[in-house]
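Working notes for the structure below.
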Amino acid sequence: MSHVADQAYLSTLVSAMSTRLFDVPLMRGLSQRSLQSLSDAFGLAPLLDDQPTNAARSRAIEQSLIHLLLTELRILIRPMNADARGLVLDWGRKYGLSNLKTLIRGKLYDLDPQEIRENLFELPSDIHLSGQELLRAENVLELLRQLEAGPHRHIARQAREVYEQQRDPFALEAAIDQRYYVGLVRRIMAFSNDHLASLRRLLGAELDRIALLWLLRFRFCYQLSPSETYYWLVPSMRLLTRERLLQLVNLETFEQVLKALPEPLDAVVAESKTIAEVQQRIGRHTSDEMRWVLARSQSGVARALAYLMLRETDLMLLFAAVQGQLLQFPETTVQIALELIEPTCAWDAHQAA
């Protein structure tokens, strides 16, 4: 196909797939649905019936939903050129990084290899991390050195250097997350003006959300210093730029940070009392920005990525609702978990809540 035909096909494909996104009534009703209702509506019965325990059922559903998301990703990249395909694959490789974190934790805490293996996602070849070879690594440093030969080499190198210097699990995982987002920013900034504005709006909104939540957690939950907090943040190419973050990390209170945010973020999170409340409000704002790009952008790759990000959130909501039913949580608890869904990397309930 020609470039024009490829773009037309991609645009049509994104529009068709967008009909799969959850509407507001469906999302609001997830917490009220029984496990049987969820199973019937989303075809989950085989996964629930074939597993011996609730933990196995949860894992099977999580794996199935991630497989569905990455299958749709692979459909969408078919008509893309090399740069667009590389960006979307890099976004999807966060699931490979989730496996990397599982492997690292297993090595750090000397878990049984079978236990580690059971908690790894099965991923497509261009996203996975060659888990069997990494499982055989003697320790974390050897694991990271092996990764330096593959597509995650930049992430692995920085993570190894940080771990060699600090031997701190928190710093190691923070380095992985930071380098992942830095890589996405570099990918985006290499695009031409035909795509750049939409990609900056889309990923800029996501990085604004991440930077704000990380800043608040690092400063006021983990009690890191301003300099330590700033070191781990990834500046956005939109609102929370390097200069703005430098100003914000030096403020002394949670309330001061919220009041000093640029428009429209200051209005979005105004009068929030907790980080959870900020997370809920800025999450809605970011989703609105994704939907704007999906509906109005002329960039095929930006629309495709916006769809995948929204689809990921929908599937995470479904997983959280099923998880809540499997664990027999009250409806109010499930609803709180759904409101705090944060599509950063892992889908585990303890990270989503």
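Readers should treat all values here as calculations from the given coordinates under stated rules, not as data from a laboratory. All figures in this text were calculated on a predicted structure; none of them were measured in a lab. Note that we place each Cβ from the backbone using ideal geometry, even for glycine, and neighbour counts take in every protein chain shown.
At a glance:
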{"quantity": "Inter-probe distance in nm under a simple model that places probes 7 Å from Cα toward Cβ, at residue 170 and residue 292", "calculated": "3.5 nm"}
{"quantity": "Unit charges on C-beta of K, R, D, E only; dipole of the stretch 1-94, Debye", "calculated": "160 debye"}
{"quantity": "Mean separation of Cα contacts under 8 Å, 6 or more apart, over the residue count of the chain: relative contact order %", "calculated": "20 percent"}
{"quantity": "Rg in Å to one decimal, and Dmax rounded to a whole Å, for the chain via C-alpha atoms", "calculated": "20.2, 57"}
{"quantity": "Nitroxide proxy distance, nm - points 7 Å out along Cα→Cβ at residue 197 and residue 285", "calculated": "2.2 nm"}
{"quantity": "Lysines whose Cα lies under 23 Å from that of residue 107, excluding same-chain neighbours fewer than 8 positions away", "calculated": "94"}
{"quantity": "Fully extended contour minus Cα-Cα distance, from residue 17 to residue 333, at 0.36 nm per residue", "calculated": "110.6 nm"}
{"quantity": "Fraction of alpha-carbon pairs over 19 Å apart in the stretch 80-190 - percent", "calculated": "42 percent"}
{"quantity": "Length gained when the stretch residue 227-residue 267 is fully extended (0.36 nm per residue, less Cα-Cα span)", "calculated": "11.7 nm"}
{"quantity": "Positive-end residue of 234, 199, 260, charge dipole of the stretch 194-298 with Cβ unit charges", "calculated": "199"}
{"quantity": "Residue among 324, 86, 150 with the largest mean-square fluctuation in a Gaussian network model of the chain, springs linking Cα atoms under 10 Å", "calculated": "150"}
{"quantity": "Computed E for residue 35/residue 340 - FRET, C-beta separation, R0 30 angstrom, nearest 0.05", "calculated": "0.90"}
{"quantity": "With 5 Å bins from 0: P(r) over the stretch 8-144, alpha-carbon pairs, percent", "calculated": "2, 8, 14, 15, 16, 16, 14, 9, 5, 1, 0"}
{"quantity": "Phi-based couplings in Hz for the stretch 51-68 (Karplus 6.51, -1.76, 1.60; Gly and Pro marked x)", "calculated": "10, x, 9, 4, 4, 5, 4, 4, 5, 5, 5, 4, 4, 5, 5, 5, 4, 4"}
{"quantity": "Helical contribution to [θ] at 222 nm, DSSP H n ≥ 4, -39,500 (n - 2.57), averaged over the chain, rounded to 500", "calculated": "-22500 deg cm²/dmol"}
